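The values are calculated or read from the model by the stated rules, or taken from the named source; none is laboratory data. Given the structure is predicted, the values throughout are model-derived calculations rather than measurements. Neighbour counts run over all protein chains shown; Cβ positions are idealised from the backbone, glycine included. What goes into the accessible areas is simple: the full protein's heavy atoms, side chains included, and nothing from ligands, DNA or RNA. Shrake-Rupley method; radii C 1.70, N 1.55, O 1.52, S 1.80 Å.
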Amino acid sequence: MVVLQIQQLNGLVKFASRSRTNRGRRRALATVCVQTQVAPPTRTQKIMENISVGGEAGGAGGVYSYNALKRLDNIWSNICTQPIGPQETQQIVSRISGSSQEYGVRENLVGTFDIAVCGGTLGIFLATALCAKGLRVAVVERNAIKGRDQEWNISRKEMKELIEVGVLTEDEIEEVIAAKFNPNRCGFENLGDIWVEDILNLGISPAKLVETVKQRFISLGGVILEDCSLSNILIYDDLAVLQLSKGDILSTRLVIDAMGNFSPILKQIKRGRKPDGMCLVVGSCANGFKENSSSDVIYSSSSVSKVADSNVQLFWEAFPAGSGPLDRTTYMFTYTEPQSSSPSLEDLLEEYWMLMPKYQGVSLDELKILRVVYGIFPTYRNSPLQAAFDRVLQFGDASGIQSPVSFGGFGSLTRHLGRLSNGIYEAIDGDFLDSDSLSKLNPYMPNLSASWLFQRAMSAKQQPDVSPGFINELLHVNFSCMQRLGDPVLRPFLQDIIQFGPLAKTLGLVMLTKPQIIPSIFRQVGIPVLLDWTVHFFMLGLYTFLSAYVDPVIRLTLEELPLKTQFEWKRRLEAWKYGAGFDYEL
């Protein structure tokens with residue numbers, strides 16, 4: 001490419017020298033200058049190319065280089081410009097009638113397992129919980145299984161759930177905590193701040209955590225296949241056979257897809273369908289912050305603004321980092337719909353460098369940027385994802401079990417780890433591995449579906465019929481009402497758990513204290529979305545009633561039912577409990 005450009009340049013110069021007049025020479029040489037002009041590097045490129053990016057890891061947020069940023073931006077651009085509707089995708093999973101023995105699946109066989117988990121960065125947690133129950137488990141990971149340098153922010157409650165499923169001990173949790181900080185702020189453009197304690201106030205070292213769990217998994221007899229990606233899966237009547245990139249073959253009773261939002265199996269199931277929404281996140285970890293003891297759970301410092309060709313509402317998170325007392329991580333994120341005018345991650349980072357110093361009260365020149373972080377998190381209205389194949393189950397972000405408002409990932413995983421590990425164990429034990437039975441492990445949850453309205457309300461409209469300050473005004477009045485109603489209402493919401501009683505109380509108080517905001521809500525989210533949300537709100541109330549009053553009655557006779565019926569009813573009771581948010585304990 002460079003040689004070709006030089007040859008073209010030489011040809012243009014020769015053409016200019018043969019021009020008959022000086023005016024012609026000047027015009028031709030000006031054309032040379034215009035055609036060979038190279039765009040200067042962006043501030044983002046300059047910053048990122050001056051940072052050492054060793055030790056990158058798999059999973060969202062695990063890579064930091066400028067080249068990786070451009071690759072992800074290309075993926076995001078393709079999502080924005082793709083047509084709506086099903087697309088042709090690679091067929092990773094195929095169903096074959098008959099037994100695997102009929103087809104002689106023996107050559108290059110590395111082992112036969114109860115469960116194979118594809119995707120090890122977060123899949124290792126579920127794999128370890130299942131291994132602790134006595135199952136034979138293998139983990140397949142295309143990179144090395146290791147956590148990234150950037151901390152995961154979480155509350156102690158979620159970490160204790162890892163103890164309950166046998167993944168970690170209390171002492172090990174203390175060892176992986178890199179930072180602790182309080183208080184935690186929620187604020188919206190000079191409308192007032194709300195301060196809480198112990199919400200996402202722990203910074204966990206993913207590197208230490210993943211390595212600790214990995215060693216626990218190995219000690220329990222688990223098998224790890226690293227640097228080994230999945231080529232395809234053949235589903236037989238008796239087994240699933242995984243063909244791996246190095247030519248090895250692995251057979252298993254159940255495949256768990258923990259490969260995240262961009263899993264090739266997920267793409268096949270959704271047939272490449274465009275996401276309904278997207279959360280775009282950029283940020284950095286930097287050294288040089290003098291005020292570094294508190295955190296921002298969610299903060300907005302401005303109204304809707306223009307980035308590239310799109311209106312966006314920008315939000316912030318900020319946390320002390322465990323790498324040093326002056327190190328701090330700041331994230332800037334926005335919710336949007338995938339469309340051609342949507343900003344790129346690099347566009348957002350350029351905005352981030354301009355806005356972050358004012359937000360944190362520090363000059364960019366005073367900071368040493370340690371790493372730049374970024375990610376895209378797609379969301380779908382119809383989630384969680386039902387099992388599409390026998391012997392294949394989606395887990396974590398690949399399942400859509402995360403809230404459309406949160407980034408998914410680790411915090412979403414811990415909440416469901418006990419429920420899923422028990423359910424999967426029972427499915428293996430009873431051989432309930434058909435797609436219908438597996439779908440009951442990722443059931444409809446009305447509180448999750450109801451969260452879609454919140455993402456829509458926090459996404460900037462591209463039409464001028466809504467005030468630029470509306471989103472901040474709406475969020476502030478909601479948070480103020482929740483604070484007035486107390487911790488039983490505010491704290492579950494901040495930990496991404498929607499419950500019928502608290503939600504109904506909040507909506508009622510908002511209508512009483514600020515009824516004039518209701519017409520703007522209709523314009524912001526649209527009538528169809530509100531009608532759809534009303535159905536989920538009704539179902540949230542129904543699940544709350546069923547879990548509180550019907551569940552105890554059914555449990556009295558559960559052990560008398562046939563095993564398959566027991567399995568189905570247990571999953572239904574779990575769906576009521578989790579779908580109503582009753583898994584949360586204050």
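Subtract the Cα-Cα distance of S467 and Q45 from 0.36 nm times their separation in residues, and report this length gain in nm to one decimal.
My answer for the length gained is 148.5 nm.
Secondary structure note: in the chain, about 65% of the DSSP beta bridges are antiparallel.
Rounded to the nearest 20 debye, what is the charge dipole size of the chain about its Cα centre when +1 sits on each Lys and Arg Cβ and -1 on each Asp and Glu Cβ?
Working: 57 positive and 61 negative charges, 527 e Å.
The dipole of the chain has a size of about 2540 debye.
Dipole of the chain computed with +1 at Lys/Arg Cβ and -1 at Asp/Glu Cβ about the Cα centre; of F113, S310, L485, farthest Cα towards the positive end is S310.
Given the DSSP H assignment, sum -39500 (n - 2.57) over each helix run of at least 4 residues in the chain and divide by its residue total; what's the result at 222 nm in deg cm²/dmol, nearest 500? Provide the component values of the computation, followed by the final result.
On the way: 20 runs with 242 residues, N = 586.
Theoretical 222 nm ellipticity from helices: -13000 deg cm²/dmol.
Between the range 497-536 and the range 114-146, the C-alpha centres lie 41 angstrom from each other.
Taking the Cα centre of the range 444-585 as the origin, how large is its charge dipole in debye, to the nearest 20, when only Lys and Arg (+1) and Asp and Glu (-1) carry charge on their Cβ atoms?
Values: 13 positive and 12 negative charges, 53 e Å.
About 260 debye.
Sorted largest first, the spans of the alpha carbon positions of the range 444-585 along the three principal axes are 60, 31, 21 Å.
So if I take the alpha carbon set of the range 228-384, get Rg, then get Rh from the Kirkwood formula, what is the Rg over Rh ratio? Radius of gyration over Kirkwood radius for the range 228-384 works out to 1.11. Computed over the alpha carbons of the range 370-416, Rg followed by Dmax gives 12.6, 45 Å.
Ordering F319, L349, Y331 by Cα displacement along the dipole of the range 315-354 toward the positive end leaves F319 in first place; charges were set at the Cβ atoms of Lys, Arg (+1) and Asp, Glu (-1). Ignoring lysines fewer than eight residues from K133 along the same chain, the ones with Cα atoms less than 19 angstrom from its Cα are K160, K214, K570.
Distance between the pseudo-spin-label points of T565 and I218 (7 Å out from Cα toward the beta carbon): 4.8 nm.
How long is the gain from E170 to S231 if the chain were fully straight, where each residue apart is worth 0.36 nm and the alpha carbon distance is subtracted? If you can, show how the numbers build up before the last one.
Details: separation 61, 0.36 × 61 = 21.96 nm, distance 3.86 nm.
The E170-S231 span can extend by a further 18.1 nm.
Using only C-alpha positions, report the orientation-averaged shadow area of the convex hull of the range 463-525, nm², one decimal. List each step's numbers first, then the result.
Working: hull surface 17.7 nm².
Result: a mean projected hull area of 4.4 nm².
So, R0 is 51 Å and r is the distance between the beta-carbons of I517 and S99; what FRET efficiency does that work out to, to 0.05? That gives a FRET efficiency of 0.25. Along the charge dipole of the chain, which of I521, I194, W576 sits closest to the positive end, that is, farthest toward it, with unit charges on the beta carbon of Lys, Arg, Asp and Glu (+1, +1, -1, -1)? Checked the options; the winner is I521. Expressed as a whole percent, the accessible area of the chain that falls on carbon and sulfur atoms is 53 (1.4 Å probe). The lysines whose alpha-carbon is closer than 22 Å to the alpha-carbon of K246, local same-chain residues fewer than 8 away aside, are K146.
In order along the range 558-564, phi translates into HN-Hα couplings of 4, 5, 7, 7, x, 4, 5 Hz, rounded to whole numbers, per the Karplus curve 6.51 cos²θ - 1.76 cosθ + 1.60 with θ = phi - 60° and x for Gly and Pro. Projected onto their three principal axes, the Cα atoms of the range 149-252 cover extents of 59, 35, 27 Å, largest first. Note on E88 and L109: the extension gain reaches 4.5 nm, defined as 0.36 nm multiplied by sequence separation minus the Cα-Cα distance. For a straight C-alpha distance cut-off of 15 angstrom, the aspartates and glutamates reachable from K290 (same-chain residues fewer than eight places away being disregarded) are D327, D365, E366. For the range 378-446, the Kirkwood estimate of hydrodynamic radius, built from reciprocal distances between every pair of different alpha carbons, is 12.3 Å. Charging the Cβ of each Asp and Glu at -1 and of each Lys and Arg at +1, and nothing else, the dipole of the range 186-254 about its Cα centre rounds to 380 debye.
Per residue, the accessible area of the range 444-585 comes to 47 Å², computed with a 1.4 Å probe over protein heavy atoms only. Computed with a 1.4 Å probe on the full set of protein chains, the accessible area for D487 sits at about 80 Å².
What per residue convex hull volume, in Å³, comes out for the chain when only alpha-carbon positions are used?
Details: hull volume 110.0 nm³, N = 586.
Per residue, the Cα convex hull of the chain comes to 188 Å³.
Amide H to amide H, with H built 1.01 Å from N, G283 comes under 5 Å of M332, V373, counting only residues 5 or more places away or on other chains.
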